[in-house]
Amino acid sequence: MNTGSQFVPAGSLPGNVTPADSDARWYAIRTRSRHEKVAVRELDAQGVQVFLPLMSSMRQWSDRRTPVEMPLFPGYAFVRVAYLSGDRVRVLRTTGVVEFVGPSMAGASIPDEQMESIRTILARKIAVEEHPFLQVGQRVRVRNGALSGVEGILVAVKGGRTLVISVEPIQRSLCVKLDDYDVESIGGRDAATPQGERAPSVQAYASTSSSYSKH
């Protein structure tokens, strides 16, 4: 699976925050089957900040092979809104949008820096693969190369390593090879959430293989 491009209008990149956007957060939304691009285009036209990660894959036709861009997480897109504002209602009224993703269908916010991890991997056109959902391990940061600065969870440090990016609200993960990257521990602690703190919604992991069972 190769990352080709992503639908990210200029104003919607994680980190582009103005004072007026201080209450806005990223949320995952569920869409009707094959309506991700329809919903995102309509949301963008309404001025809602949107992020639809796309991957490029080869489609085999009877006489040729053609590259096509498909959603990295089929059935999902991401919006950056103030959840208790009118934007939430506009999102829900958009063609193809089913609901916000979270407990009892209430949106669960995703930290800006975690969305940036996904954006960075796609923007650098690094090949990715699907991976069973993971959410435990020691927090680390990639120190070099195209993934420099990407933070995540290190679950093993032997053999061929893999960095896994997991989106908690939608229970989906993707992975990239870490063979040529160095990582450093963040704060010297594991990823267990301290009592009373909210667990991050998107996490990254490093592992030695893709043979993991879902949790």
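The values are calculated or read from the model by the stated rules, or taken from the named source; none is laboratory data. Computed from a predicted model, the values in this text were never measured in an experiment. Glycine also receives a Cβ, built like all others from the backbone with ideal geometry; neighbour counts cover every protein chain displayed.
Could you tell me which residue of segment 100-138 is modelled with the lowest pLDDT, considering only residues that are in contact with a strand residue (DSSP E or B) (Cβ under 7 Å, 6 or more places away or on another chain) and at positive phi?
My answer is G137.
Please enumerate the residues belonging to segment 20-42 that are free of Cβ contacts under 8 Å to residues at least 40 places away in the same chain, surrounded by fewer than 22 Cβ atoms within 10 Å (Cβ to Cβ) and closer than 21 Å to Y83 by Cβ.
A20, S22 - these are the residues of segment 20-42 that are free of Cβ contacts under 8 Å to residues at least 40 places away in the same chain, surrounded by fewer than 22 Cβ atoms within 10 Å (Cβ to Cβ) and closer than 21 Å to Y83 by Cβ.
Could you tell me whether any residue of segment 43-52 is of a type outside the set (A, V, I, L, M), without any contact (Cβ under 8 Å) to a residue 60 or more places away in the chain, closer than 12 Å to V79 by Cα and part of a helix (DSSP H, G or I)?
Checked against the condition, which is being of a type outside the set (A, V, I, L, M), without any contact (Cβ under 8 Å) to a residue 60 or more places away in the chain, closer than 12 Å to V79 by Cα and part of a helix (DSSP H, G or I), segment 43-52 yields at least one hit.
Confirm whether V167 is touching a Leu at 6+ places or on another chain (Cβ under 7 Å), at pLDDT 60 or above and among the hydrophobic types (A, V, I, L, M, F, W, C).
no
So, of the residues in segment 49-79 that are exposed (fewer than 11 other Cβ atoms within 10 Å of the Cβ) and of a type in the set (S, T, N, Q), which turns out to be nearest to W26 (Cα to Cα)?
The extreme case among them is T66.
State yes or no: is S33 among the hydroxyl-bearing types (S, T, Y), at pLDDT below 80 and not in a strand (DSSP E or B)?
Against the criterion (among the hydroxyl-bearing types (S, T, Y), at pLDDT below 80 and not in a strand (DSSP E or B)), S33 does not qualify.
Just name the residue that is modelled with the highest pLDDT out of those in segment 80-96 that are surrounded by fewer than 11 Cβ atoms within 10 Å (Cβ to Cβ) and among the aliphatic types (A, V, I, L, M).
It comes out as V89.
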